Amino acid sequence: MKKTIKQISKMKLSHFIVIGTIAGAIILLFAFTPMQQSKEWTAPATANMMKNSVASNVQSIAAGKVIYTKNCYDCHGKKGKGDGPKSGDLDKSPKDFTKEQFQKQTDGSLFWKITEGRKPMASFKKDLSEEQRWQVINYVRTLEIKK
Ligand code: HEC
């Protein structure tokens, strides 16, 4: 009699291990999914709310255009369509900046992406000051083709 109770409790233990392993695997899967490079590139909510500290005006847009031509044009193309001279060599297409889908993102979201980068796009944290990053965003905003 004692033996059977032991056997039952052993069985339960093994059930626990099986269920525990499955649950653990599911939790790990969920925990690591955002860390993988998902197709969509989304900035964290806190970044989305960041405010552009550089007013959009003739001066900042002109400064942004100079930065864009020097640092972004090769991949993103003259008009931001993602057709720059280097775009053919990339394993991922740069987004089309003229589309509403792109433009509907907040300045904070674009700032975060430019700051962080994602392969093959490098991070511009060191190469561009915060002011320059906001300026280039002000320029990119002028590329939208409104219907
Ligand atoms: C080496 C080529 C390359 C250069 C140079 C480059 N980018 Fe990119 N950029 C890309 C690619 C490719 C993507 C798409 C990345 C992805 O979706 O994972 C991208 C994505 C972006 C995005 C996010 C688009 C979205 O909707 O998710 C922004 C914003 C951006 N680039 C801005 C810039 C700016 C501003 C510069 C210059 C300061 C720049 N990039 C320079 C290749 C480049």
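When you restrict to C-alpha pairs under 8 Å that are six or more residues apart and normalise by the size of the chain, the relative contact order lands at 27 percent. Cβ crowding within 10 Å, taken as a proxy for footprinting-reagent exposure, orders HIS15, HIS76 from fewest neighbours to most as HIS15, HIS76. Taking the C-alpha atoms only, the angle from helix 2-32 to the longest principal axis of the chain is near 0 degrees.
How many percent of Cα pairs in the chain exceed 28 Å? Looking at the chain, the distances longer than 28 Å represent 37 percent of pairs.
Shape annotation for region 58-105: C-alpha extents along the principal axes are 35, 25, 13 Å, from largest to smallest. Helix-only estimate, please: 222 nm mean residue ellipticity of the chain, summing -39500 (n - 2.57) across DSSP H runs of length 4 or more and dividing by its residues, to the nearest 500. Counting only the DSSP helices, I get -16000 deg cm²/dmol.
Quick note: the coordinates plus some simple rules give every number you see, no bench work behind them. The shown structure was predicted, so the numbers you read here are calculated from the model rather than taken from an experiment. Heads up, the Cβs are rebuilt from the backbone with ideal geometry, glycines too, and the neighbour counts pull from every protein chain shown.
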